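The values are calculated or read from the model by the stated rules, or taken from the named source; none is laboratory data. Values in this document were obtained by computation on a predicted structure and should not be read as measured data. Note that each Cβ is placed from the backbone with ideal geometry, even for glycine, and that neighbours are counted across all protein chains shown. To get the accessible areas, we keep the full protein, side chains included, count just its heavy atoms, and leave off ligands, DNA and RNA. Shrake-Rupley method; radii C 1.70, N 1.55, O 1.52, S 1.80 Å.
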Amino acid sequence: HPPHHLAAPPSLRTCTSRLGRGSGKMGMRAGPLEHWLTCVGLLLTVGPLCAAGHADAYGARTEHVWIKSWDASNLSGDARVPAARSQNELFPVVIFANSWACPEMEYIMETIKLAELGYLVLEYETRGWRPSSGTIQAAGRKDQLDTSAVIDYVLSRKDWQPDPNKIALAGISYGAGLALLGAAHDPRVTTALAMSGWPSIESALFHNGSPNLIWGEVLVVSGELLGHLDPSVPAMWKQVLHGNESGFHDWAAERSVETFMGAFEERLVPLFLSNNLEDRLFNPEDMFNCFERYPGPKKLLLNQGIHATAEIGGLMDLPWNHIWNEAIDWLNHYLKGTAGLQLDVLVDVQLRSDKSVREKFYEWPSKRIASLDFEMGPRGWLGLHGSLLPPAASGARETGGQLVNESISFARKSGFNAGFPIIGEALQVFVDSRIASNLLFASKQHAIWYYTPLARMTRICGTPVLSLDFTPSASTWQLVAYLWAVNWADEGTLISHGTVSCWNCTAGERITREIQLRTLCEDVSGGLGFGLNMFSELYQPANTDANLKVTFHYSSAFGLKVPEVLTGSDTSSGFAIVV
């Protein structure tokens, strides 16, 4: 990247005076694990980095401000104001909102860099997070109106020389969602940059009817401990835990970007989106779907990381952070009209097996992606596992013209492992300690798995789709699906997973359902495995009755589609068939 990405921080005196003013509040700031680590990392690194300054492109000053919002709430903010070279110079505006449980100084290194590039930058603390007043609305209508009030304030500061026609909203996690919601509601916004954001709150917390138990608890508890959480937030979370989708739907829709996609489409707002493939809060497949449907200018980065971690390098001013380098190029293009942005790259996906490799797609859907289509075959005479069969081999599932059925029953322990919540996913990303299950010893009563050997290394990149055909014995149930890379010892390394639940179905009624598993990009060799059980600690179970049973029907509606990247002129399927 060009040298402007390495712009230096301001003087040590400026930095330390700002840190000294805010440090008293920083000691109280924690939150979700990743954001807490980000905040601690900033404290450990920002001082030395501030001391390493060199000649600035633009001199800039820091100004702490109080912004009176639409309802007289006070929002705390910090502005980085470039030194104008003439009275007529106008600066493009970039506004950051804080991540959940993080202070407004979260973006300090990037705001310094942007100010030196000639951007007027404001980072603010959303309502309910200290020291701002009000209560935490979890991106509700009040927060959305606050965004417009912040824009009003910036444009009112004529001494800052803001350009009213060049305004970007940006952020990570909570700030990312607010950036997208603000851009949808306020026509003054030129572009939005969302890193680890969400298209749907309902899908994040109640995905396919399965309450996201761990992350929901983390958000509610951290909000209560570290801010002034509005009572509506834990009340809605209780609705989710009880499976009351109707009681949660409208509240979630008001906070969901996909509700307002029409506003984006009407104005064709350029959207820069970046999500992480191991994010179990804001599912990458949801943002992928949102991206695919949007007809306007857009770019999507999919990175290896858990929630909000792939962006941390930029917050610490590490120059090789791909996400922030791309984000600055995006701002330069859409707010300054400069070259350098790879506009022809629509989708940029980091490979799990080799993080130095990024698959780049110049169109989406891409002709470089083929679908490996399987149907499930029953367990053989040894009863160890079933088979992943090509559709043409589906006749092998029939016995005397009758379709074969197999059942599993509920148990909390089945031998399948989705990882210790948060810690397990973090370990596999940061120290390559993969989440694995010994499939050879998995319970045959409480779980079932299917296998096919792979004839060669296969690059799986995209979103697997599972279709189910089953009959539950009760009106409430949950199924958890796992996709593995399987080695010679029948050890399955988790590469994707998903879930589906029902809280008001009809007992004994046959159901067909299609769900997406987690988006991934990984090289797989040896074999491919897929499994189902009825419990994971990641989700609030709909039913824990030991008598609960699910019967799977081996029909053409019980199958799996896995996306494979084709290399060169290769159009072969890449798997061998064992019946």
Take the stretch 551-568 and flag every residue that is part of a loop (DSSP other than H, G, I, E, B), open to solvent by 30 Å² or more (accessible area, probe 1.4 Å), out of contact with any helix residue (DSSP H, G or I) (no Cβ under 8 Å at 6 or more places or on another chain) and within 17 Å of ARG513 (Cα to Cα).
-> ALA557
Of (1) aliphatic (A, V, I, L, M); (2) part of a helix (DSSP H, G or I); (3) open to solvent by 10 Å² or more (accessible area, probe 1.4 Å), ALA138 fails just (2)
Considering the stretch 144-154 alone, what residues qualify as being without any contact (Cβ under 8 Å) to a residue 12 or more places away in the chain and either open to solvent by less than 60 Å² (accessible area, probe 1.4 Å) or part of a strand (DSSP E or B) (or both)?
-> none
How many residues does the stretch 419-460 contain that are closer than 17 Å to VAL480 by Cα and part of a loop (DSSP other than H, G, I, E, B)?
-> 10
When both residues are 6+ apart or on different chains and their Cβ atoms are under 9 Å apart, which pairs have a first residue that lies in the stretch 337-348 and is at negative phi, and a second that is open to solvent by 60 Å² or more (accessible area, probe 1.4 Å) and assigned to a loop (DSSP other than H, G, I, E, B)?
-> ASP344/TYR362; VAL345/TYR362; LEU346/TYR362; LEU346/GLU363; VAL347/TYR362; VAL347/GLU363; ASP348/GLN342
Which one is least open to solvent (accessible area, probe 1.4 Å), of the residues in the stretch 441-477 that are within 14 Å of GLY526 (Cβ to Cβ) and among the aliphatic types (A, V, I, L, M)?
-> ILE460
Please work out which residue is surrounded by the most Cβ atoms within 10 Å (Cβ to Cβ), limiting yourself to the stretch 221-249 and to residues that are over 30 Å from ALA327 (Cα atoms) and among the small types (Gly, Ala, Ser).
-> GLY243
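Name the one entry in ALA252, ALA308 that is in contact with a Ser or Thr (Cβ under 6 Å, 6 or more places away or on another chain), crowded, with 19+ Cβ neighbours inside 10 Å and outside any strand (DSSP E or B). Please lay out each step first, then the result.
Working: ALA252 fails: in contact with a Ser or Thr (Cβ under 6 Å, 6 or more places away or on another chain).
So the residue among ALA252, ALA308 that is in contact with a Ser or Thr (Cβ under 6 Å, 6 or more places away or on another chain), crowded, with 19+ Cβ neighbours inside 10 Å and outside any strand (DSSP E or B) is ALA308.
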Spot the failing condition for ILE328; the list is (1) touching a His at 6+ places or on another chain (Cβ under 7 Å); (2) farther than 30 Å from GLY419 by Cβ; (3) assigned to a loop (DSSP other than H, G, I, E, B), and only one is missed.
-> (3)
For residues in the stretch 165-174 being touching a residue at least 40 places away in the same chain (Cβ under 8 Å) and not charged (D, E, K, R), which is surrounded by the most Cβ atoms within 10 Å (Cβ to Cβ)?
-> ILE172
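Tell me, please, whether a residue that is in a strand (DSSP E or B), within 22 Å of GLY197 (Cβ to Cβ), modelled with pLDDT of 95 or more and open to solvent by 40 Å² or more (accessible area, probe 1.4 Å) can be found in the stretch 347-366.
Initially, the stretch 347-366 is screened for residues in a strand (DSSP E or B), giving 347-350, 358-361.
After this cut, where a residue has to be within 22 Å of GLY197 (Cβ to Cβ) as well, the list is 347-350, 358-361.
Keeping just the survivors that are modelled with pLDDT of 95 or more gives 347-350, 358-361.
Now drop any that are not open to solvent by 40 Å² or more (accessible area, probe 1.4 Å), which leaves 358, 360.
Scanning the stretch 347-366 turns up at least one residue that is in a strand (DSSP E or B), within 22 Å of GLY197 (Cβ to Cβ), modelled with pLDDT of 95 or more and open to solvent by 40 Å² or more (accessible area, probe 1.4 Å).
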